[in-house]
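These notes concern the structure reproduced below.
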Amino acid sequence: MGKKPPFYTAHLLDQEASWLSFNRRVLLQTQRPDFPLLERLRFLAIWAANMDEFYAARISRAFAEGRGSPAYQALMGEALEQTEEASRLYLEFLKELEGLGIHILEPAQLTRAEKQYFGAYLAEEVAPLTDLIRPEALEELASQALYFAAGEGLLEHLIRLPQSVPRLLAVPGREGGFVRLGALVRMRSDLFLPGDQRRPLYEFRLVRLAQLARSRADWDELPEALEARLDGQVSHLELEEDFPAVWAETLRTALALEPWEVFRLPPPLDLSFVSAIVENGPASTRFKPLEPAQPKGFQKDPWAHLNRRDLVLYHPFEDYGAVEAFALAAAQDPKVEALRATLYRIGTENGIAQALIRAAKAGKDVAVLLEGRARFDELANLEWSLRFSGAGVRVLPLPEKKVHAKALLVRRGNQLYAHLGTGNYNPLNGRLYTDLSLFTAQPQITADVAAFFTALENRQVPALFLLRTGEAIRELLLEGIRAEAHKKGHIILKFNHLTDPAILAALEEALNRGARVNLIIRSTLTVLWTPKGDLEGNLEVKSLVGRFLEHARIAAFKNRGKWRIWAGSADAMPRNLDRRYELFFPLLDARARRKVLKILQAQIADDRNSFVLRPEGQERRWGGKHDGQRLS
């Protein structure tokens with residue numbers, strides 16, 4: 001008997017193209033009819049910052065392996081299309097902002113007194129910090145800085161604006177009046193060019209690939225590795241649309257770029273500055289502050305609570321402050337003897353980090369695995385390493401693999417308590433990202449968390465019994481998918497990125513065996529499937545993009561009605577599963593499983609923040625009654 005033909009046809013996607021589709025979904029949030037004006041504008045700033053990250057990091061593989069190929073040129077074409085759309089949206093926002101009494105003025109609209117004031121401001125505050133650069137130094141230009149070019153016939157001068165000066169300045173005495181720094185510099189070019197020359201200025205900026213020279217650098221090597229990162233190759237150049245053609249070719253050649261890597265756009269370039277408008281605008285045109293729910297009784301005595309049962313919180317709808325309070329309770333409790341924590345992107349102010357310092361100063365045994373190689377957060381973490389060491393917190397040596405796990409362990413007498421999460425120990429993320437927190441005292445979990453820290457401290461590979469790390473996460477997911485590969489099977493996977501070939505192949509096999517599959521993938525997915533016949537009800541692939549950044553990683557398997565649910569720090573990517581230490585943990589408590597399953601079901605039903613993803617494109621599902629970004 002021959003093998004049955006497959007019911008689903010796979011369509012492969014480039015990882016970078018899939019991510020650009022996600023950023024298009026971000027850009028589309030600027031058109032949400034249910035969002036206040038300034039929140040829609042905020043997404044324009046988010047989109048712009050995302051594009052810089054794309055050129056600096058996410059495109060690095062394609063740049064190295066496929067630059068110049070038709071697929072790479074198609075990536076640049078999509079990026080240019082989005083960028084031109086963003087420029088058009090910016091002009092539309094300017095008109096809408098006028099209705100709020102917010103005016104982004106051109107210098108010609110300023111009074112004589114206002115021009116005199118800003119002339120003095122430029123002379124006193126900006127010009128001394130501005131670099132005047134000769135064209136011979138083109139190859140050394142900095143990434144993501146704003147430049148102006150000037151000359152008479154030939155390109156003669158480059159002006160680099162200081163990144164410490166705001167791009168948007170309030171006009172004194174004009175409520176709601178602002179003017180762009182770049183426009184003012186054009187107005188008073190004589191303050192920035194030699195000989196007090198007044199010449200036309202033309203705006204441009206570039207982005208370089210940002211990679212550490214030594215990705216496995218330990219703490220003593222990290223400062224040097226960070227310095228070396230400044231030399232990354234240029235991957236992208238933006239010129240204002242009137243930039244002289246001869247000068248444009250000079251820049252393109254000096255920076256070793258292809259024509260499709262150079263975008264001509266109407267100024268202003270780099271629209272991330274509009275975030276300043278959002279923060280300065282009226283509160284009535286922003287979202288009302290979220291009032292997160294407080295876990296009843298937990299913060300009063302977390303130890304007694306966890307001795308009775310586990311606690312699962314869904315941030316930001318339930319207070320991330322409970323995680324910081326848990327760490328502080330451990331620091332202050334005289335019965336607590338030791339604390340361990342993994343820290344990745346923790347920001348500049350962090351309640352957990354302060355609690356660990358407080359615990360160490362109180363004489364407790366405190367050690368942290370602070371991941372110094374967290375991309376773009378290396379310098380902040382280097383500073384924290386000094387603060388920890390000065391307070392008596394042991395900063396563990398960096399293992400060969402990055403540590404991306406989110407774990408906090410407390411030893412109180414003979415009892416272990418643990419917090420495990422899907423998100424960073426970062427208070428800003430805790431307010432803006434959707435993540436899960438598990439607090440537990442269950443011995444089979446806490447023993448594995450302790451073993452994880454002991455192994456890292458001893459520079460060994462963790463050997464865990466119940467939890468999963470590294471390649472064992474892939475095996476866990478494959479095992480769960482294969483067990484559901486039948487007509488009554490049901491698989492729900494929620495990730496930021498799903499690109500692992502083995503997991504995608506297993507999903508396809510499960511689909512072809514009749515399983516129901518729900519994928520909730522925020523950003524990157526490298527396979528989409530087309531069903532044959534009337535099978536569409538078996539598969540739904542969607543992405544949620546809304547007020548909060550979807551960040552939780554969850555895998556749920558029906559298990560013939562007795563759902564098995566896991567969560568953790570890892571995305572389903574070879575990078576996370578093969579080259580990082582992550583932690584995936586089971587929800588053993590029945591109440592916790594029901595809660596998380598309800599969250600997943602709400603996101604499957606969502607028709608307010610959703611995009612259904614298909615090979616032919618993405619379909620918006622907005623304006624419905626089911627909001628998956630809330631606590632049911």
Contact list please: Cβ distance under 9 Å, first residue in segment 255-278 and within 18 Å of Leu168 (Cβ to Cβ), second residue β-branched (Val, Ile, Thr) and in a loop (DSSP other than H, G, I, E, B), pairs at least six apart or on different chains. Ile277/Ile102
Of the conditions (1) over 21 Å from the mean Cα position of the chain (by Cα); (2) open to solvent by less than 10 Å² (accessible area, probe 1.4 Å), Ser610 clears all except one; give me its number. (1)
Take the residues in segment 317-374 that are farther than 12 Å from Pro427 by Cβ and of a type in the set (Asp, Glu); name whichever of them is least open to solvent (accessible area, probe 1.4 Å). Glu371
Can you report the number of residues in segment 253-295 which are touching a His at 6+ places or on another chain (Cβ under 9 Å) and in a helix (DSSP H, G or I)? 1
Segment 54-77, residues that are open to solvent by 30 Å² or more (accessible area, probe 1.4 Å) and either aliphatic (A, V, I, L, M) or without any contact (Cβ under 8 Å) to a residue 40 or more places away in the chain (or both): Ala64, Glu65, Ser69, Pro70, Ala71, Ala74
Close pairs (8 angstrom Cβ cut-off, 6 or more residues apart or separate chains): at pLDDT below 85 and exposed (fewer than 14 other Cβ atoms within 10 Å of the Cβ) in segment 529-542, assigned to a strand (DSSP E or B) and not acidic (Asp, Glu) anywhere: Lys532/Tyr8; Lys532/Thr9; Gly537/Arg516
Of all residues in segment 393-425, count the ones that are under 26 Å from the mean Cα position of the chain (by Cα), in a loop (DSSP other than H, G, I, E, B) and crowded, with 21+ Cβ neighbours inside 10 Å. 8
Quick one: which of Glu98, Glu81, Glu85 is open to solvent by 70 Å² or more (accessible area, probe 1.4 Å) and closer than 21 Å to Leu269 by Cβ? Glu81
Can you tell me which of Leu138, Leu155 is touching a Ser or Thr at 6+ places or on another chain (Cβ under 9 Å), open to solvent by 20 Å² or more (accessible area, probe 1.4 Å) and not charged (D, E, K, R)? Leu155
Inside segment 318-374, the number of residues satisfying the requirement of being under 19 Å from the mean Cα position of the chain (by Cα) and either outside any strand (DSSP E or B) or among the hydroxyl-bearing types (Ser, Thr, Tyr) (or both) is 13
Cβ pairs under 6 Å, 6+ apart or interchain, first in segment 82-93 and part of a helix (DSSP H, G or I), second among the basic types (Lys, Arg), ordered by first then second residue, are Gln82/Arg24
From the residues in segment 489-515 that are at pLDDT 95 or above and of a type in the set (D, E, K, R), which one is surrounded by the most Cβ atoms within 10 Å (Cβ to Cβ)? Lys494
Among the residues of segment 615-623, are any open to solvent by less than 20 Å² (accessible area, probe 1.4 Å) and either in contact with a strand residue (DSSP E or B) (Cβ under 9 Å, 6 or more places away or on another chain) or of a type outside the set (Lys, Arg) (or both)? no
Would you mind finding the one in Leu386, Leu428, Leu436 that is surrounded by fewer than 22 Cβ atoms within 10 Å (Cβ to Cβ) and either in a loop (DSSP other than H, G, I, E, B) or in contact with a Gly (Cβ under 7 Å, 6 or more places away or on another chain) (or both)? Leu428
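The values are calculated or read from the model by the stated rules, or taken from the named source; none is laboratory data. The structure presented is a predicted model; accordingly, all values stated were derived computationally and were not measured. Every residue, glycine as well, gets a Cβ built from its backbone with ideal geometry; the counts of neighbours run over all protein chains shown. These accessible areas exclude ligands, DNA and RNA; they are computed on the full protein's heavy atoms, side chains included. Shrake-Rupley method; radii C 1.70, N 1.55, O 1.52, S 1.80 Å.
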